[in-house]
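One structure is given below, encoded as C-alpha cells.
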Amino acid sequence: MAIEGWQPQEDGLQEICKLLEQYRLPIVDQSCIWQKHQRCSQLPDFNNYLAFILCRAEGDVVNIRQAARLLLKNNFKSSYHLIQPAHLQYMKAEVVPCLGSLDFGIRTTVGTIVSVVVQNGGFQSWLEVL
C-alpha cells in the first residue's frame with residue numbers, strides 16, 4: 001500500500017481508539033490492555049494510527065488523543081530506528097501542521113518527534129521543519 005495516501009482502516013481505528021480509551025481507565029485489567037497494546041504495536045502502521053488520532057481526532061476524544069500522544073512520543077524515543085521510512089514520511093507529513101496547534105500537549109509531542117527525527121537523521125532528513 002502506498003503510504004503517502006495512507007488512510008486508517010475504520011475497524012483498526014476503532015480498535016486502537018478503544019484500546020487508548022481503556023488504557024486510561026483504572027478499573028480495567030491493565031495486563032489485558034498491555035497485551036492488546038503489544039499486539040497492536042507489532043503492526044507496521046500502528047504509529048500511523050497514533051499520528052492520525054493525535055493530529056485529526058476532534059470532539060470528545062481528548063483522553064484518547066492524550067494517550068495517543070504519549071504512546072507516539074514514547075515509540076519515537078524508544079524505537080525510532082525500527083520505523084519504516086515510508087511510515088516515517090507519513091507521520092512527518094501528519095505532524096508538521098500541528099507545530100502551530102493551540103493545544104500545548106500536542107505542540108510538545110510534535111516538538112519531541114521533530115527532535116528525535118533531527119537527532120537521528122539530521123536537519124537534512126526533514127527540511128520542512130526549518
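Going through segment 17-42 one residue at a time, which ones are under 19 Å from Ala86 (Cα atoms) and touching a Phe, Trp or Tyr at 6+ places or on another chain (Cβ under 8 Å)?
Quick first cut of segment 17-42, residues under 19 Å from Ala86 (Cα atoms) only: 40-42.
Correct list: Cys40 only.
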Any residue in segment 12-20 that is at pLDDT 90 or above, closer than 22 Å to Gln119 by Cβ and out of contact with any Ser or Thr (no Cβ under 7 Å at 6 or more places or on another chain)?
no
So in segment 1-59, with the set limited to residues that are among the charged types (D, E, K, R) and exposed (fewer than 11 other Cβ atoms within 10 Å of the Cβ), which one is nearest to Leu102 (Cα to Cα)?
Glu58
Taking the condition modelled with pLDDT of 85 or more and of a type in the set (Val, Ile, Thr), does Ile27 pass?
no
Set Val96, Val28: member being touching a residue at least 12 places away in the same chain (Cβ under 8 Å), touching a helix residue (DSSP H, G or I) at 6+ places or on another chain (Cβ under 7 Å) and of a type in the set (Val, Ile, Thr):
Val96
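Taking the stated definitions as given, is Asn48 within 19 Å of Ser125 (Cα to Cα), out of contact with any strand residue (DSSP E or B) (no Cβ under 6 Å at 6 or more places or on another chain) and touching a residue at least 12 places away in the same chain (Cβ under 8 Å)? Spell out how you get there, then give the answer.
Values: within 19 Å of Ser125 (Cα to Cα): yes; out of contact with any strand residue (DSSP E or B) (no Cβ under 6 Å at 6 or more places or on another chain): yes; touching a residue at least 12 places away in the same chain (Cβ under 8 Å): yes.
So Asn48 passes the test.
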Name the single residue, out of those in segment 76-130 being charged (D, E, K, R) and within 16 Å of Asn48 (Cα to Cα), that is surrounded by the most Cβ atoms within 10 Å (Cβ to Cβ).
Glu94
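Which residues, taken from segment 1-26, are of a type in the set (Phe, Trp, Tyr) and not in a loop (DSSP other than H, G, I, E, B)?
Here is the first cut: in segment 1-26, the residues of a type in the set (Phe, Trp, Tyr) are 6, 23.
Passing the criteria: only Tyr23.
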I want to confirm something. Restricting to segment 44-63 and keeping residues that are at pLDDT below 90 and among the hydrophobic types (A, V, I, L, M, F, W, C), which single residue is nearest to the chain's Cα centre (by Cα)?
Ala57
Among the residues of segment 35-91, write down those that are closer than 16 Å to Val114 by Cα and acidic (Asp, Glu).
none
Mind checking which residues of segment 99-130 are free of Cβ contacts under 8 Å to residues at least 24 places away in the same chain and aromatic (Phe, Trp, Tyr)?
Phe104, Phe123
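The values are calculated or read from the model by the stated rules, or taken from the named source; none is laboratory data. Remember, predicted model here, so these are calculated numbers, not experimental data. Every residue, glycine among them, receives a Cβ derived from its backbone with ideal geometry; neighbour counts consider all protein chains shown.
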